[in-house]
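Visitor: Sharing a structure below in structure tokens format, with a few things to ask.
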Amino acid sequence: MEIERNADPATPVDGRLRTAAALAKTTLIDGGSCAVDSDDNYDSRTFDEVHAKLKNLPRRSDEPNHPLAHLGEAASIALCIARTSQGELVVFLVNDGGASVVAAQYGIPARHFGQVLAELICSGHFTSSDAFDALAMATAVTGIPQGAVPMSASALECRRAADGRSCGACDAFATAVAAGQE
């Protein structure tokens, strides 16, 4: 719903966001490479509870408060809860820090784009430089919570590959796999 709304030329959003949403809609959703759960796949009471928690999180003074705020995040978390209760393994990909906090309250592991890139670097799919460039481009459209944004390509480097030490991304992934979360 949020992607379709932001892709609509009648919606007043930043041009980069509209372009990203339109691209996601046409290539991922309309193209069939991304499954979209419908609203009837989760319990409405769970949605209401999650939505209330999201609305009650502290917000920045400059953060707009609009009538559709948190609906997409609440629906996504409710779907994650439903899938988890069905025995499916779920990782919630979200750049919204508040949504990751609420998801964690329900035992749903969350990753933001930077964490996913770090895991892809550790598995050899990206260089830290290429990943940092992708991260910079993405955060211009959809922000990761400021305190979580890596400040350089070297901050994304796999530490285990570099010097054999412990690596946060590798360790987080290994822990999640061992716990059956990936």
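Visitor: Ser152 to Asn56: FRET efficiency via 1/(1 + (r/R0)^6), r the Cβ-Cβ distance, R0 45 Å, to the nearest 0.05? List each step's numbers first, then the result.
Guide: Working: r = 35 Å, r/R0 = 0.79.
Taking R0 as 45 Å, the efficiency between Ser152 and Asn56 is 0.80.
Visitor: Could you work out the equivalent-ellipsoid semi-axes for region 1-102, taking the square root of 5 times each eigenvalue of the Cα gyration tensor, largest first, in whole Å? List each step's numbers first, then the result.
Guide: Values: eigenvalues 103, 82, 26 Å².
Each semi-axis is √(5λ); the values are 23, 20, 11 Å.
Visitor: Can you order the peptides 115-125, 22-32 by their average number of other Cβ atoms within 10 Å per residue, highest first? Display every interim value, and only then the final one.
Guide: Numbers: 115-125: 18.4, 22-32: 13.2.
In decreasing order of mean packing, 115-125, 22-32 become 115-125, 22-32.
Visitor: For region 53-132, just say rounded, prolate or oblate: build the C-alpha gyration tensor, square-root its eigenvalues into a ≥ b ≥ c, call rounded for a/c under 1.5, and beyond that prolate if a/b exceeds b/c, oblate if not. List each step's numbers first, then the result.
Guide: Numbers: a/c = 2.85, a/b = 1.33, b/c = 2.15.
Oblate.
Visitor: Okay, moving on. When ligands, DNA and RNA are left out and all protein chains stay put, how many square angstrom of accessible area per residue does region 1-99 have with a 1.4 Å probe?
Guide: 64 Å²
Visitor: Thinking of region 1-49 as a set of Cα atoms, what percent of all their pairs are more than 18 Å apart? Present the calculation step by step, with values, prior to reporting the outcome.
Guide: Working: 502 of 1176 pairs.
Tail of the P(r) past 18 Å holds 43 percent of the pairs.
Visitor: If you don't mind, another one. With a 1.4 Å probe and all protein chains left in place, how much of the accessible area of region 17-83 comes from carbon and sulfur atoms, in whole percent? Provide the component values of the computation, followed by the final result.
Guide: Details: 2320 of 4270 Å².
Here carbon and sulfur together make up 54 percent of the probe-accessible area.
The values are calculated or read from the model by the stated rules, or taken from the named source; none is laboratory data. Remember, predicted model here, so these are calculated numbers, not experimental data. No Cβ is skipped: glycine too gets one built from the backbone with ideal geometry, and neighbour counts run over all protein chains shown. These area figures cover heavy atoms from the full protein model, side chains too; ligands, DNA and RNA do not enter into them. Shrake-Rupley method; radii C 1.70, N 1.55, O 1.52, S 1.80 Å.
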